[in-house]
Structures are given as structure tokens and as C-alpha cells.
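K.L.:
Here it is, the structure, as C-alpha cells.
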Amino acid sequence: MKMLPAGTEPEFALGIIGDFYKECSCLHQGRNTVKLVTTSFWPRPLVVKRFGTPNVFQRIGALWKGDRGLRAYRNAEELQRRGFATPKPILYVDADGAGVYIATEVDTGAPLCQFIGQEDVEDALADSFAAFTYDLHNAGIVHRDYNNTNIRVRSGHGGWTFSLIDVDRMSIDKYGVRPSAGKRLKNLRLFSDAGSFYKKVLMRYVALDGDMSVKRFHKELEAKMMHDKRYRRKKLILNKLKRIFSRV
């Protein structure tokens, strides 16, 4: 059994995993299972995620990148080291064929999607989110699941602050080198909104980067529409295939 942090007692790890299988609040059920776990092994509730069985490509990737649980743990540590908010990683366990788990503190922020469309806050929120994304990229960090539920938001007297969850799929440059403009804008296309909020974020992002032009902004809007069109088509095909194979 592999565990992090180093020196973790097996009793601690197995206790939290055991409590995961007791009656808990299920936050997500799909390929992976996420639960809010109350345990005697930690003073506060934990978010515990059990990763589903990896497909063949994920197994190959894990040979040199580590499994998704290990990446989530290490990425969370690195995000915090570079000054970005994410739930504190408490435990990583590879239970030797019985599943891969990660336990973190609870993120109390609200999903960004809850605020999109609120006219009284959208402009200020878009400005703050664009600046956050720009800072993230400038630190050499690209979140490959950059959607409006994996970005958590808090509002306060100092404005909007952001944190990240589901951080197993990230690219973090060892030396903090900023990705190229093309890679950064491609990352923004992953954001799961193509309405006025996305346009405001993109406009602000382009303004923050002195090397980008208004022409680049309009070109990127077209690229976003094409990206979303391909995504919808791909999802439609996958759903049809699932229905076909479910009848077999």
C-alpha cells in the first residue's frame, strides 16, 4: 500500500478509507466517487475521492506521471507552494488493487457557475477571474479541467477570490515558465461557458497581456465557438454509443 504524506500510519489511512464506505453524503457518483466523510481520524469532515478503474491510456500514462490520485496530491501541494488556493491534501492511498483515494480538506467556496448571469456582479467577477487566470498562467500552471464547477469563488471586502478543485489533470512547469499565448488561450477555451461572461473574461485577459491585440480577441471567439461545436458533436456521438452498448 502506497501512502502520502510520508510516514502515514496504515491505521490512519485504512480508517479514513473504511469510513468512506459507511453512510456518507455523496457529492458525485460517476467514473469517480466523491463523498463528504466524517471520521474520528480527523477533526473536521474530509472530501474523499475514489478514482475509477483507469482505461488503457490512463494506465500507460501512470507509468511515468503517476496515477491520478498521486498527481492530485502533488499538484495540490505545488499550487499551495506557489500561492494559489486549493483544498489542503490530507491523504493519498494506493490500496494495491483495492482503489486509489485522495482525501482533502473541504473547500467552502461556491462553484463559479452559480454567479454567471448575475448582472450586478458579472463585470467585476469577470475582471477578477481573468486576472486570476492570467496569474495562474504566468506561474506556469495550466488546469486541464478548467470548467465553471472546478473553480470555486468567495466574495469579500477585498473583492473576489478563487480556488481550484479536481487538480489531478494539470500541467505545472517546474521552473514556472509561462506557456505560449496559443496554449494559454487554448486553455481558456475549456471554460464551460460561451456567453457574455466568457467574452468579458477573454477581453480582460487579452488586455492584461500586452502582446495580444483586439484582432486576437475576435479570432479567439471564433476558435471558442468551433471548440464548443466539436465538443457537443463528440458528446452526442459518445452518448449514442453508450445507448447502443447498453442494449447489448
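K.L.:
Between a residue in segment 226-248 that is assigned to a helix (DSSP H, G or I) and any residue that is of a type outside the set (Asp, Glu) and at pLDDT below 80, which pairs come within a Cβ distance under 7 Å, given they are 6 or more apart or on different chains?
P.N.:
Close Cβ pairs satisfying both conditions: Asp228/Ala194.
K.L.:
So Gln118 clears everything in (1) free of Cβ contacts under 8 Å to residues at least 60 places away in the same chain; (2) surrounded by fewer than 19 Cβ atoms within 10 Å (Cβ to Cβ); (3) not in a loop (DSSP other than H, G, I, E, B) except one condition, right? Which one?
P.N.:
That leaves (3) as the condition not met.
K.L.:
Using the structure shown, decide if Gly176 is touching a strand residue (DSSP E or B) at 6+ places or on another chain (Cβ under 9 Å), on the phi > 0 side of the Ramachandran plot and either in the same structural domain as Val48 (by TED's automatic domain parsing) or surrounded by 15 or more Cβ atoms within 10 Å (Cβ to Cβ) (or both).
P.N.:
In short, no.
K.L.:
If a residue has to be part of a loop (DSSP other than H, G, I, E, B) and in contact with a Gly (Cβ under 6 Å, 6 or more places away or on another chain) to count, how many in segment 145-177 make the cut?
P.N.:
Here is the first cut: in segment 145-177, the ones part of a loop (DSSP other than H, G, I, E, B) are 145-150, 157-158, 165-169, 173-177.
Adding the requirement that they be in contact with a Gly (Cβ under 6 Å, 6 or more places away or on another chain) leaves 173, 176-177.
Counting residues in segment 145-177 that are part of a loop (DSSP other than H, G, I, E, B) and in contact with a Gly (Cβ under 6 Å, 6 or more places away or on another chain) gives 3.
K.L.:
Looking only at segment 1-54, count every residue that is in a strand (DSSP E or B), without any contact (Cβ under 8 Å) to a residue 40 or more places away in the chain and surrounded by 15 or more Cβ atoms within 10 Å (Cβ to Cβ) and tell me the total.
P.N.:
First, pick out the residues of segment 1-54 that are in a strand (DSSP E or B): 2-4, 25-29, 33-37, 46-51.
Okay, now just the ones that are also without any contact (Cβ under 8 Å) to a residue 40 or more places away in the chain, so 25-29, 33-35.
Imposing the further condition that a residue be surrounded by 15 or more Cβ atoms within 10 Å (Cβ to Cβ) reduces the set to 33-35.
Summing the residues that are in a strand (DSSP E or B), without any contact (Cβ under 8 Å) to a residue 40 or more places away in the chain and surrounded by 15 or more Cβ atoms within 10 Å (Cβ to Cβ) in segment 1-54 gives 3.
K.L.:
In the list Lys35, Lys2, which residue meets the criterion of being modelled with pLDDT under 95 and of a type outside the set (Ser, Thr, Tyr)? Break it down into steps so the answer makes sense when it comes.
P.N.:
Values: Lys35 fails: modelled with pLDDT under 95.
Lys2 is the lone residue from the list that is modelled with pLDDT under 95 and of a type outside the set (Ser, Thr, Tyr).
K.L.:
Let me ask another. Of all residues in segment 192-219, count the ones that are at pLDDT below 85, under 16 Å from Ala126 (Cβ atoms) and either touching a helix residue (DSSP H, G or I) at 6+ places or on another chain (Cβ under 7 Å) or not assigned by TED's automatic domain parsing to the domain that holds Asp145 (or both).
P.N.:
Qualifying residue count, segment 192-219: 2.
K.L.:
Same structure, new question: Residues in segment 89-105 that are assigned to a loop (DSSP other than H, G, I, E, B) and surrounded by 14 or more Cβ atoms within 10 Å (Cβ to Cβ): how many?
P.N.:
In the first step, residues of segment 89-105 are kept if they are assigned to a loop (DSSP other than H, G, I, E, B); the result is 95-99, 105.
Going one step further and asking which of them are surrounded by 14 or more Cβ atoms within 10 Å (Cβ to Cβ), we end up with 95, 99, 105.
Residues in segment 89-105 being assigned to a loop (DSSP other than H, G, I, E, B) and surrounded by 14 or more Cβ atoms within 10 Å (Cβ to Cβ): 3 in total.
K.L.:
Still on this structure, I have one more. Considering segment 143-165 alone, what residues qualify as being crowded, with 19+ Cβ neighbours inside 10 Å and of a type in the set (Val, Ile, Thr)?
P.N.:
Ile151, Val153, Ile165
K.L.:
Next up: Looking at Leu185, is it in contact with an Asp or Glu (Cβ under 6 Å, 6 or more places away or on another chain), in a helix (DSSP H, G or I) and either exposed (fewer than 15 other Cβ atoms within 10 Å of the Cβ) or in contact (Cβ under 8 Å) with a residue 12 or more places away in the chain (or both)?
P.N.:
Yes: the conditions hold for Leu185.
The values are calculated or read from the model by the stated rules, or taken from the named source; none is laboratory data. Treat the numbers as computed from the prediction; the structure is a model and nothing was measured. Every residue, glycine among them, receives a Cβ derived from its backbone with ideal geometry; neighbour counts consider all protein chains shown.
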